[in-house]
1. Just wondering, is there one or more residues in region 147-158 that are β-branched (Val, Ile, Thr), surrounded by fewer than 20 Cβ atoms within 10 Å (Cβ to Cβ) and more than 19 Å from the chain's Cα centre (by Cα)?
2. Restricting attention to region 8-25, and to residues there that are small (Gly, Ala, Ser) and more than 14 Å from residue 330 (Cβ to Cβ), which single residue is surrounded by the fewest Cβ atoms within 10 Å (Cβ to Cβ)?
3. Consider residue 127 carefully, then state whether it is outside the structural domain of residue 396 (by TED's automatic domain parsing) and more than 24 Å from the chain's Cα centre (by Cα).
4. Within region 226-235, which residues are part of a loop (DSSP other than H, G, I, E, B) and within 31 Å of the chain's Cα centre (by Cα)?
5. Just wondering, is there one or more residues in region 177-192 that are more than 17 Å from residue 368 (Cα to Cα), of a type in the set (Asp, Glu), touching a residue at least 12 places away in the same chain (Cβ under 8 Å) and out of contact with any Cys (no Cβ under 9 Å at 6 or more places or on another chain)?
6. For residues that are aliphatic (A, V, I, L, M) and at pLDDT below 95, scanning just region 501-529, find the one that is farthest from the chain's Cα centre (by Cα).
7. Tell me, please, whether a residue that is assigned to a strand (DSSP E or B) and crowded, with 17+ Cβ neighbours inside 10 Å can be found in region 182-202.
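The values are calculated or read from the model by the stated rules, or taken from the named source; none is laboratory data. Note that the coordinates shown come from a computational prediction; the quantities given were computed from them, not determined experimentally. Heads up, the Cβs are rebuilt from the backbone with ideal geometry, glycines too, and the neighbour counts pull from every protein chain shown.
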Amino acid sequence: MKRYDLIIVGAGPSGLSAAIEAAKHGLTVVVFDENHKPGGQLFKQIHKFFGSKEHMAKIRGFNIGEELLKEASAVGVNVKLNATVTGMYGNKEIVVQTENCVEHFKADSIIIATGAAENVVTFDGWTLPGVMGAGAAQTMMNLHGIKPGKRVLMLGSGNVGLVVSFQLLQAGCDVVALVDAAPKIGGYGVHASKIARCGVPFYLSHTILKAEGEKFVTGVVIGEVDDKFNVIKGTEKHFDVDTICLAVGLSPMSQLLKMAGCEMEDNAQKGGQVPIVNEYGETSVEGIFAVGDVSGIEEASSAMIEGRMAGVCAAEYLGYCNKDEMVKRHTKLEDDLESLREGMFAPKNKGKNIELTEEGIPVSKSLLKKGYISEDEVESFPGVTHKKGLHPVIECTQNIPCNPCQDACKFNCIHIGEKLTSLPVVNEKSDCTGCGMCVAACSGQAIFLVNEEYDEENATVTLPYEFLPLPKKLEKGVALDRSGNVVCEAEVVDIRSTKVFDKTNLLTIKVPKNMAMSARFYKNLDTQV
């Protein structure tokens with residue numbers, strides 16, 4: 001039986017982060033993961049992360065994964081793949097199956113970072129080929145380059161459903177609708193907005209009644225529900241689809257912790273059955289820690305910080321650093337974590353009906369119901385201005401922990417302040433150079449550069465564009481508004497693609513002056529993108 005200072009189960013963002021932190025303090029660390037590649041969910045996350053520099057904001061998930069792997073290798077972390085941990089016991093012994101071999105390992109401390117599994121809902125036809133989890137669709141697209149289907153309906157409007165819906169569009173799928181039984185959109189408004197302006201409709205207070213087809217999905221029927229989630233007769237709607245994606249939440253994969261005798265609780269706020277842990281992430285079994293989604297469903301940014309916290313706590317537990325050093329490091333990480341847990345989407349606000357932003361501005365009702373801000377609502381936010389010449393327009397209207405736009409602008413045109421969740425403000429006294437760094441840096445694709453005085457008749461709008469093929473200069477198409485409706489003809493004036501933009505292209509279109517504050521997406525009528 002081989003022995004290690006620290007065994008970590010799970011090579012995702014929290015597990016790798018924990019391994020790095022522990023190895024930096026001198027521990028001999030091994031990480032077991034059942035997959036053939038390390039990195040967990042990070043390598044299928046092609047979108048840019050939110051937060052601040054400390055949270056790796058504006059960096060795409062797969063790039064963060066690559067950095068973690070490099071860091072883990074540099075500090076000597078041993079990652080064992082295709083290794084399924086089938087048992088764990090209170091004496092810190094685990095059983096691992098690798099290929100045709102079953103081995104026993106023992107450690108002085110164990111960190112469980114097994115993540116979560118996708119939930120499902122049942123309906124007539126839910127077992128047909130073509131019904132899949134949103135995460136499975138994301139794996140097919142972003143890891144294997146396979147389109148899950150041609151016409152897709154998404155169930156679930158949380159961040160997973162919103163992010164994967166946009167990535168389905170990027171992969172060339174037709175997302176026919178986004179459906180949720182809840183009466184309002186559950187994820188970030190900026191994620192919903194970039195889907196809505198592509199023309200995808202939202203059906204809230206709706207659920208799937210049945211999937212059609214005999215051998216595979218050929219269609220889907222949805223229906224409206226009342227405030228008690230009972231289906232309202234006569235509200236059925238049919239869509240021709242070949243794929244139904246389910247983004248209906250995640251459940252912590254906490255079985256190993258229960259097997260080891262850790263005290264557990266059923267906690268709906270955290271996603272299901274989770275271990276009871278102290279402030280250091282330690283379970284009721286001394287020396288066994290739980291981090292990431294296995295201890296409560298959150299974003300990957302939070303999981304990475306939790307992992308580092310557990311790594312330094314394990315180091316202190318085993319005597320590799322003193323208490324004062326651990327507390328100092330843990331306090332800094334805890335501050336970083338708490339900054340991500342503020343704002344409208346903070347765990348403490350889950351289920352609350354928030355009507356005002358932190359600044360006292362009414363929350364957009366249209367955004368919550370339809371996925372986009374109405375023109376009369378958008379004017380009330382501090383990021384929306386009508387300066388002379390070229391200027392940024394920031395349609396970020398919810399208190400989300402994120403500030404890359406402020407860091408991106410070297411001329412102080414954009415200000416958020418010390419509080420990470422504050423709404424961005426456009427500084428009227430600073431002149432925009434048109435560099436476009438803020439547009440490319442915005443993780444929510446919510447910043448546009450507008451010149452309402454391009455010439456006597458026209459304005460220009462520079463918008464983030466992450467679709468292929470790229471439009472060509474002088475190409476003519478149409479501009480879509482925030483709801484995805486065609487509002488006018490548009491001509492491509494310029495398109496910029498540089499390494500510093502990290503695959504976010506800046507597309508500048510010319511539109512009639514009166515469309516400067518309406519045109520928010522471009523479509524080439526020949527390619528339908």
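1. no
2. Only one residue tops the list, namely 23.
3. yes
4. Result: 226, 227, 228, 229, 230.
5. No.
6. This residue is 525.
7. The answer is yes; a qualifying residue exists.
Residues checked against (1) in contact with a Cys (Cβ under 6 Å, 6 or more places away or on another chain); (2) more than 27 Å from residue 458 (Cα to Cα):
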residue	(1), (2)
390	yes, no
401	no, yes
411	no, no
418	no, yes
